[in-house]
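Since the structure comes first, as C-alpha cells, the remarks are kept for the end.
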Amino acid sequence: VSGMRRVRFTTSHPRDFGRDIVDVIDAVPALCDHVHLPVQSGSTRVLSAMQRLYTRDQYLERVSWIQSAKRDISLTSDLIVGFPGETEREFEETLDLLEVVGYDSVFTFKYSPRPNTPALQLEDAIPDAEKARRLAVLNDRQKQIGVRRNQRHVGQVVEAMVEGKNPARGQWVGRTSQIKVLNFTVPEGVELRTGSYVNVLVTGCFPNSLVGEMAGSEA
C-alpha cells in the first residue's frame, strides 16, 4: 500500500509460523521488525498437556529462523506458570527457555481455570502461593534478560513513532520498529504530532523500555 509506513505483524500460533513470514519481514521495510510468538511453557510434556501441538524443539526451530534473519527482529512471548501437573523441573525448563531464546520481553501469567479449555478436566493441585513464587522468579529472570537485550540499542539512533507526551516527566513517548517503548526528550519549545516519526538517540534502557533524546526533525 503506497504511503504505508509501518505494518505490525502482531502474533502467530507457533504451529502456523513459517520461514516465509521471516522472509517477508526481511523483504518489506514497512513490516515492523518484531514477532510475538507465544510459547506458554518451556516443557514439551506441559505443551502436550496444553494441547499446543508443537514441541520445545519445534518452537526453537522457529526461533532460529527469526534469529537468522537479516534484520534485527525483536521477539516477545507469553508464558504460563503453575499449569496443572507442572513439576519444579518443568518450571526450570521454562526458565532455561528464557535464557536460550533471549526474549526482548514476555507477558507472564499464573495458571487459572478458563472456560472451554482442555485443562478444566485436570486437577489444579499447585497452591496459589507456589504459582506466585514461580511467577516472581520468572519475572525477575526476564527483567535481567530484558536489560541485556535493550542494552544493545544504547548509542543507536532509531526511528520512533510518536504516541503521545508525558508532561509529568517532560518526555515524549514513542515506539521503535521493534515495538519497544521509547521515552525521549526534545529541544525546548518543540511540540510533536501523534503519529509522526522522529529519529531518537537511545541513551539508556530499562527492562521494558528505552530512553533517549530527539536527534532529528519530525517526519
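The values are calculated or read from the model by the stated rules, or taken from the named source; none is laboratory data. On a predicted model such as this, the values are computed, not experimentally measured, just so you know. Cβ coordinates were reconstructed from backbone atoms using ideal geometry, including for glycine residues, and neighbour counts include every protein chain displayed. Each accessible area value is taken on the protein alone, full model and side chains, heavy atoms only, with ligands, DNA and RNA left out. Shrake-Rupley method; radii C 1.70, N 1.55, O 1.52, S 1.80 Å.
Here are the numbers:
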read-out: Residues (open to solvent by 50 Å² or more (accessible area, probe 1.4 Å) and either of a type outside the set (Asp, Glu) or touching a helix residue (DSSP H, G or I) at 6+ places or on another chain (Cβ under 6 Å) (or both)) located in the stretch 127-136; value: Pro127, Ala129, Arg133, Ala136
read-out: Residue selected from the stretch 185-210 under the condition assigned to a loop (DSSP other than H, G, I, E, B) and of a type in the set (A, V, I, L, M), by the criterion least open to solvent (accessible area, probe 1.4 Å); value: Leu192
read-out: Total residues in the stretch 144-176, condition open to solvent by 30 Å² or more (accessible area, probe 1.4 Å) and not in a helix (DSSP H, G or I); value: 17
read-out: Filter result for the condition that a residue is modelled with pLDDT of 95 or more, closer than 26 Å to Ile21 by Cα and open to solvent by 20 Å² or more (accessible area, probe 1.4 Å), over Glu93, Glu99, Glu88; value: Glu99
read-out: Listing of helices (runs of 4 or more DSSP H) fully contained in the stretch 11-76 that carry 1 or more residues being modelled with pLDDT of 95 or more, farther than 23 Å from Ser112 by Cβ and open to solvent by 70 Å² or more (accessible area, probe 1.4 Å); value: 19-27, 56-67
read-out: In the stretch 37-72, the residues that are within 17 Å of the chain's Cα centre (by Cα), among the hydroxyl-bearing types (Ser, Thr, Tyr) and over 13 Å from Leu97 (Cβ atoms); value: Ser64
read-out: Test result for Glu213, without any contact (Cβ under 8 Å) to a residue 12 or more places away in the chain, over 30 Å from Arg114 (Cβ atoms) and open to solvent by 30 Å² or more (accessible area, probe 1.4 Å); value: no
